[in-house]
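K.L.:
Got a structure for you, written out below as structure tokens; questions coming shortly.
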Amino acid sequence: MPAEPTSDPVSRPAATPAPAMPPKVERALGRYRISAFIVGYALIVLCVAIILKYVFGVDQAVAIWGPIHGVLYIGYVLLAFDLAYKDRWSLAGTLGVLLAGVIPGISFVAERIVHRKVTARQKV
């Protein structure tokens, strides 16, 4: 005869689901995620353009791509501020996300952290 499972008196309480995300935050998060990916790839392209300029003497690469990246980064900043305002981020969290947009590859990491925290309804 199989033994009946016993209840453990020191068991963990069931995890409570995160509160529902307001629609305005959900839309702002979607826009931010897209901009983080675009700016991340654009910054990598800019780094390649800088290598082309200083190693191979192709000055046009930075002259063309530099301003394009600048406009994309401005859009990233505006969308990050939009999400930060709507989700009530801390100043340190907002500045960290903005700084992530200027370090090659880090915007991808910041996007994952922001997405995880916002969907879990934790403060950034």
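K.L.:
Answer yes or no as to whether TYR54 is of a type in the set (Ser, Thr, Tyr), open to solvent by 40 Å² or more (accessible area, probe 1.4 Å), part of a helix (DSSP H, G or I) and out of contact with any helix residue (DSSP H, G or I) (no Cβ under 7 Å at 6 or more places or on another chain). Quick ask: steps written out before the conclusion?
P.N.:
Working: of a type in the set (Ser, Thr, Tyr): yes; open to solvent by 40 Å² or more (accessible area, probe 1.4 Å): yes; part of a helix (DSSP H, G or I): yes; out of contact with any helix residue (DSSP H, G or I) (no Cβ under 7 Å at 6 or more places or on another chain): yes.
Here the answer is yes, as TYR54 does meet what is asked.
K.L.:
When only residues in segment 1-34 that are of a type in the set (Gly, Ala, Ser) and modelled with pLDDT of 95 or more count, which is surrounded by the most Cβ atoms within 10 Å (Cβ to Cβ)? Before you say what the answer is, go through the steps one by one.
P.N.:
Just the residues of segment 1-34 that are of a type in the set (Gly, Ala, Ser), to begin with: 3, 7, 11, 14-15, 18, 20, 28, 30.
Next, only the ones that are modelled with pLDDT of 95 or more stay: 28, 30.
Details: ALA28: 21, GLY30: 13.
Of everything passing the filter in segment 1-34, ALA28 is surrounded by the most Cβ atoms within 10 Å (Cβ to Cβ).
K.L.:
With the requirement that a residue be within 17 Å of ARG31 (Cα to Cα) and either open to solvent by 80 Å² or more (accessible area, probe 1.4 Å) or touching a His at 6+ places or on another chain (Cβ under 7 Å) (or both), what does segment 57-76 give you? Before the answer, list the steps.
P.N.:
So in segment 57-76, the residues within 17 Å of ARG31 (Cα to Cα) come out as 71-76.
Of everything in segment 57-76, those that are within 17 Å of ARG31 (Cα to Cα) and either open to solvent by 80 Å² or more (accessible area, probe 1.4 Å) or touching a His at 6+ places or on another chain (Cβ under 7 Å) (or both) turn out to be VAL71, ILE74.
K.L.:
How many residues are over 24 Å from LYS123 (Cβ atoms) and hydroxyl-bearing (Ser, Thr, Tyr) if we restrict to segment 67-104? Outline the logic, then answer.
P.N.:
At the first step, the residues of segment 67-104 found to be over 24 Å from LYS123 (Cβ atoms) are 67-75, 104.
Among the residues that remain, those that are also hydroxyl-bearing (Ser, Thr, Tyr) are: 73.
Final tally of qualifying residues: 1.
K.L.:
Then there is this: Name the pairs: first residue in segment 88-100 and touching a residue at least 12 places away in the same chain (Cβ under 8 Å) and under 21 Å from ILE38 (Cβ atoms), second residue open to solvent by 50 Å² or more (accessible area, probe 1.4 Å) and among the aromatic types (Phe, Trp, Tyr), Cβ to Cβ under 6 Å, at least 6 apart or on different chains?
P.N.:
Partner pairs satisfying both residue conditions: none exist.
K.L.:
If you take the residues in segment 77-122 that are open to solvent by less than 40 Å² (accessible area, probe 1.4 Å) and of a type in the set (Ser, Thr, Tyr), which one is farthest from the chain's Cα centre (by Cα)?
P.N.:
Top of the filtered list is THR94.
The values are calculated or read from the model by the stated rules, or taken from the named source; none is laboratory data. Computed from a predicted structure; not experimentally measured. Here Cβ is always computed from backbone atoms with ideal geometry, including for glycine, and neighbour counts include all displayed protein chains. SASA here: full protein model, heavy atoms, side chains in, ligands and nucleic acids out. Shrake-Rupley method; radii C 1.70, N 1.55, O 1.52, S 1.80 Å.
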